[in-house]
Structure formats: C-alpha cells, structure tokens
1. For the range 113-261, treating each Cα as an identical point scatterer without solvent, what Debye log10 I(q)/I(0) comes out at q = 0.11, 0.15 1/Å?
2. Can you find, among PRO307, LEU340, THR238, the residue farthest towards the positive end of the dipole of the range 109-346? Put +1 on the C-beta of Lys and Arg, -1 on that of Asp and Glu.
3. Return the Cα extents of the range 2-90 along principal axes one, two and three, sorted largest first, each rounded to a whole Å.
4. Just need the relative contact order of the range 109-346 here, percent rounded to a whole number, with Cα pairs under 8 Å and 6+ apart.
5. According to the Cα gyration tensor, what semi-axes, each the square root of 5 times an eigenvalue, does the equivalent ellipsoid of the range 1-152 have, listed from largest to smallest in whole Å?
6. Within the range 3-46, name every residue whose backbone N is under 17 Å away from a label modeled 7 Å from Cα of ASN62 along the Cβ vector.
7. Between GLU309 and ARG200, how high is the FRET efficiency from 1/(1 + (r/R0)^6) when r is the Cβ-Cβ distance and R₀ = 30 Å? Nearest 0.05.
8. May I ask you to compute the full-extension gain from GLN345 to GLU276, defined as 0.36 nm times their residue separation minus their alpha-carbon distance, rounded to one decimal in nm?
Amino acid sequence: MNSKIAELKIQFDAEAAKASNTAELEALRVAYLGKKGSITELMKEMKDLSPEEKKSFGQEVNQLKGYATEKLTACAEELKKQEIQKEIDSVPEFDISMPPSMNEGSYHPVTLVQRECERIFKTMGFAVEDYSEIVTDYECFEALNIPKHHPARDMQDTYYLDNGQLLKSHTSAAQNAIYKKYKDALINDGVPIKAIFPGRCFRNEATDACHENTFFQMEGVMVDKDISISNLIYFMKTMLSEVFKKDLKVRLRPGFFPFVEPGFELDISCLICGGEGCPSCKHSGWLELCPCGMIHPEVLKAGGIDPEEYTGFAFGLGLTRLVMMKYGIKDIRDLNSGSLKTLTQFIDE
Ligand code: FA5
C-alpha cells in the first residue's frame, strides 16, 4: 500500500476511535470524505503519477474511501446505541410492584348509593337492568299513557334531539322495554316481573339546591297476579330503612302521573334540617323522593300484558336526592361539580 494512503488510514482510525458523538463523526466525514477532505484530495495527486502507478493508487484510494465510509456508518450506529442506552439509564428506576403513591380515587357518592340500592333489591329478588340515555318519544311518553300534546308532558321540560329522539327525562322510559322483555316468562311460566333500572335523567330545569338538569333516578316495577299497594309500601320501606340504617319518617300523599292509577308521592322528612324547613327541602320539611303507584292498565297493555289478569306497582326513586339525604349534602349541585375536595369524602360502608 502506498505509504501516504497507509498513514492517512492510521490517522483516520485514531480520530474515528475518539469521536464521542454524532456531531464529531459528521466533522470527521467532512474532513476525510468531503469535497476538500483528505481522502478526496489524494485523488488530485493522480495526475503526477505514471499510468501503472495511477491504476494501483486509484484502487487503494477507492478502497480507503469505502473503508472510511463503512467505518463512519458503523461508528454512527454504535453511538446511537450508546445514546439510547444512556437515555434508558437516566430514567429513574420504576418498580411495577410498588403501590401507587397518588390518591387512588374514589367512587362518586351516587355510584355508592346506587350500588347499595341494587344490592338491597337483588336480595329481594329484583333484576337490575341498564337502559339507554337516548330514547324515543314512544318509550318516554306514548307507551306511558302520555299521548302527543298531553299537558303531562309539560311536567318534564325535555331535551329533544334533531332526529326526533330525546334525552331520557325519567327512568320510566324503560318500563315498556322491561315489560316486553319479561312478559313471556310471566304469562307462560308464572314468573313475576321484578326489576329495577337506575339511570341518568335530563331535564331543562332552572337549577337550585334540590333540582339539577342532570340527575339520577332508579325505577322499579313489579307485576304479577294480585299485586297491591301494600306490596309497594313494603318494598319502599324496606329499601329506605336499609339505606339509612334506621326507620325514617315517610308520608304518602296522592300524586298524578298518567302511567299509574292510583298514583302517590312518597316524601321523607328532610334529614338536612330534621323537618324544620331549609333550602334543600324548599322550606317544607319534606323532600319528594319517590313517586309511585299502581301501573296503569294502558301501560300494561302497551307492554303486552293483560291488565285484567295482572296488576303491578312502579316507583321512580330520586336517587340523587336520596344521596343528598344519606350524606347530608345541602346542595344537589355539589354532586355534579366535579370538585374532588367534595366528592372524595364519601366511602363505601
Ligand atoms: C317521575 O319522573 C316519574 N317517572 C316517577 C314515577 C315512576 C312515578 C313510576 C310513578 C311511577 P318526578 O318528575 O316527580 O316523577 O321525578 C321523580 C323523582 O326524581 C322526584 O321525586 C325527585 O326525587 C327526582 N327528581 C325529579 N326532578 C329532579 C331534578 N331536577 N333534580 C333532582 N332530582 C329530581
């Protein structure tokens, strides 16, 4: 090998070994292989050589060029690997078996009370059903004996969607589907329909301490032969005394809902003020908690059930209001506030 070429190779190897980052490697490439680089410059010396020398010199310079190019590529890859390793090493050690150091989060109080109610009703043989938040006019009103233009629709200021559907304004909207789902077992096998269906409801309400535009209800129905108001009162009282772990003062008064006959309002004595009157109970000492009644024959018919043979009760528990009473929350709006300070205080009992 030409001595000058051999020397340049040794010099290149030494400098390549010292390069410690990609910028230094790039500088090396320019210094040896760039337009004015040492290896490129060697080619210019060809003109002074004899034709025989030119051939071998040209081959050796080309070999050195190839060698330097490959070496620079290999060094770049090695450096990249080292840089990645350095980055990995700089990450603090992470032990996946460590318990989380952050707050673990907690269930929303509505979830806690809903689960408690579900547990209680399940022990009394009720199925728990889930239902859509977007429903049809038929489900929400017509199947419940509230035809179009009936003034009872005004009791619920409903959000309608462009496609004619609506946001469920009460959980009663699921009644028709529940009757249709379970009627065959009732009629053919004599299995009573016993179901609860909790869900989020939406109304265009002027909000105050006990009214929200988005709140939870829990509907319950029972249909069989010879079901009466006493059955309804029994289940409601059992549920309330289990949720509150004490006997509550309740009152039943007549109430109008087109889908029950007779209909009632079940109120509980306000637990925020002990019945004295406060903003949470609109200063009446009582809180409307659970309208209920005997299912209207037209509603049973719409669900495919013969009202001559079967009777049933239905109730629409105000789940969010129940939560207020259970935990002594004075303003319903706190529950939709998203404030962790408020919402993380509640624990499962
Ligand atoms: C109804 O929604 C009927 N579907 C209930 C029903 C079912 C009656 C089955 C008969 C048989 P009402 O609009 O009164 O009824 O609401 C029921 C309960 O939901 C109320 O007693 C109250 O506790 C709660 N509620 C109603 N509106 C709101 C609101 N804006 N914010 C919070 N809770 C509400």
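No value in this document is a laboratory result; all are computed from the given coordinates. Just so it is clear, the structure is predicted and the values come from calculations on it, not from any experiment. Backbone-built Cβ (ideal geometry, glycine too); neighbour counts: all protein chains shown.
1. Relative scattering, expressed as log10 I(q)/I(0), comes to -0.48, -0.92.
2. Value computed over the given set: LEU340.
3. 58, 19, 16
4. The value is 22 percent.
5. Semi-axes, largest first: 83, 25, 12 Å.
6. Of the residues in the range 3-46, 39-46 have backbone N under 17 Å from the label point off ASN62.
7. Once the sixth-power term is evaluated, E becomes 0.30.
8. So the chain would gain 22.2 nm between GLN345 and GLU276.
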